[in-house]
Amino acid sequence: MSDPILAAVMRAPRQPIELREYPRPDLPPGSALLRTALSEVCGTDVHLWHGRLSGVPYPIIPGHVSAGTVAAQRGSIVGIDGSDIREGDRVVFFDVHRTCGRCRACTVHRTPTRCASRRVYGITDSATEGLFGGWAQAIFLEPGVAVARLPDAVSLDDYIGGGCGLLTSVHMIERAEIRLGDSVVVQGTGAVGLSAIALAKLAGASRVIAIGAPQSRLALAADMGADTALDVTRTTLDERRQAVLDATYGEGADIVLEAAGAAAAVPEGLDLARVGGRYVIAGHYTDAGPAAINVHQQINRKHLEIRGCWGSEPRHFLRTLTILATRPDIPFRRIGARRYGLGELNAALADAEALRIPKALVDPWA
Ligand SMILES: [Zn+2]
Ligand SMILES: [Zn+2]
């Protein structure tokens, strides 16, 4: 581990990413220093760069899902997978920390992803506090962070290729309660949508119809398990609706999963679900503005169930590791298309925003 440690810092919205040097931090008992192997640029980072999330304590070191090896630790650390964490281990960690476990969201409503004390590496931790993001050569894992050994069977590329989109998808599929044989529409072919396609099949879907763009992502959607992939830029609403009806006995989909993040996706998703179907919305992580819907026609008369899905919990993180370890045939690694060094992250953000690649990976040693 070099000293000083290089980190890429987002100073403020729309300001160029700049490199800063950090000293090697002192480790309090129960903490560790991770030598970063890979991190990612996800859609949230593009939103962060545009200042679309509230309450972000800029400057920040982005990168909330990352993997590395333990360079140093102080005292014993037991992973949430039950493993005894040692120096040199390949380790991953759940980016959400300081969830309090005592507030009404945590205890009464059982919605810990809405805990007000909750903090997230790379998003709600300031760069003034230290190495709390993955766009850096090292990450400080404070005491209490949920760490786990990366199973030997899981490649770094598959873990980061899935990344935070895979974690979100595991939660979304849980919320969807897919039943054996269900038909599923996935709106959006970004990192969340692509993972959701594969997980819907794992959960028992008989048929998955993906709606997205551009063509390169639709090809990957097919490789992730989509039976049909519709280009949202080259088809009309009516054509997509007809394609879904044709594939679902004229009824519409049992389950519709929203991972597009566009306001226009919501009225369309409501129309694509069958009577009595279920619609799970996970793509509106930032405010995409209002959507016009006809409540009588699209919700009430359809007896439709609508569920939101926010963030993820440690169980989704652990299930992600199990899925990756047991299903190496699913090409999560292909979502992570290209590696960028710490000095190339302005280009990485631009490429991510322009949808030139499904996901940019961050290699702090490139
Ligand atoms: Zn709480
Ligand atoms: Zn993310």
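Observations on the model:
- For region 106-125, a residue qualifies if it is touching a Ser or Thr at 6+ places or on another chain (Cβ under 6 Å) and among the basic types (Lys, Arg), and exactly one does: Arg118.
- Residues of region 74-102 satisfying the condition of being surrounded by fewer than 14 Cβ atoms within 10 Å (Cβ to Cβ) and under 17 Å from Arg35 (Cβ atoms): Arg86, Glu87, Gly88
For (1) within 16 Å of ligand 2 (Cβ to nearest atom); (2) under 21 Å from His316 (Cβ atoms), each residue gets a yes or a no:
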site	(1), (2)
Pro4	no, no
His50	yes, no
Gly55	no, no
Gln73	no, no
Val78	no, yes
Val91	no, yes
Arg104	no, no
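- Where Pro267 falls short, out of the listed (1) part of a loop (DSSP other than H, G, I, E, B); (2) of a type outside the set (Asp, Glu); (3) under 26 Å from Thr168 (Cβ atoms); (4) under 28 Å from the mean Cα position of the chain (by Cα): (1)
- Looking across Thr113, Thr69, one residue alone is at pLDDT below 95 and of a type outside the set (Gly, Ala, Ser). It is Thr113.
- Of all residues in region 108-141, those being assigned to a loop (DSSP other than H, G, I, E, B), in contact with a strand residue (DSSP E or B) (Cβ under 7 Å, 6 or more places away or on another chain) and more than 16 Å from ligand 2 (Cβ to nearest atom) number 5.
- Restricting attention to region 88-107 and to residues that are touching a residue at least 12 places away in the same chain (Cβ under 8 Å) and not in a loop (DSSP other than H, G, I, E, B), the residue that is farthest from ligand 1 (Cβ to nearest atom) turns out to be Arg90.
- Answer from Ala71, Ala105, Ala7 - the residue that is crowded, with 16+ Cβ neighbours inside 10 Å and out of contact with any strand residue (DSSP E or B) (no Cβ under 9 Å at 6 or more places or on another chain): Ala105
Quick grid of which residues meet (1) under 20 Å from Ala222 (Cα atoms); (2) part of a helix (DSSP H, G or I); (3) more than 13 Å from ligand 2 (Cβ to nearest atom):
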{"residue": "Ala148", "(1), (2), (3)": "no, no, yes"}
{"residue": "Val154", "(1), (2), (3)": "no, no, yes"}
{"residue": "Gly165", "(1), (2), (3)": "yes, yes, no"}
{"residue": "Val170", "(1), (2), (3)": "yes, yes, yes"}
{"residue": "Ile173", "(1), (2), (3)": "yes, yes, yes"}
{"residue": "Gly181", "(1), (2), (3)": "yes, no, yes"}
{"residue": "Val184", "(1), (2), (3)": "yes, no, yes"}
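- The residues of region 327-356 that are assigned to a loop (DSSP other than H, G, I, E, B), open to solvent by 20 Å² or more (accessible area, probe 1.4 Å) and under 18 Å from Trp49 (Cβ atoms), listed by number, are Ala354, Leu355, Arg356.
- Any hit, region 131-153, residues being closer than 17 Å to Ser31 by Cα, open to solvent by less than 20 Å² (accessible area, probe 1.4 Å) and touching a helix residue (DSSP H, G or I) at 6+ places or on another chain (Cβ under 7 Å): yes
The values are calculated or read from the model by the stated rules, or taken from the named source; none is laboratory data. Just so you know, these numbers come straight off a predicted model, no measurement behind them. Here the Cβ is made from the backbone with ideal geometry for all residues, glycine too, and neighbour counts use every protein chain on show. Heads up: the accessible areas ignore ligands, DNA and RNA and are worked out on the full protein's heavy atoms, side chains in. Shrake-Rupley method; radii C 1.70, N 1.55, O 1.52, S 1.80 Å.
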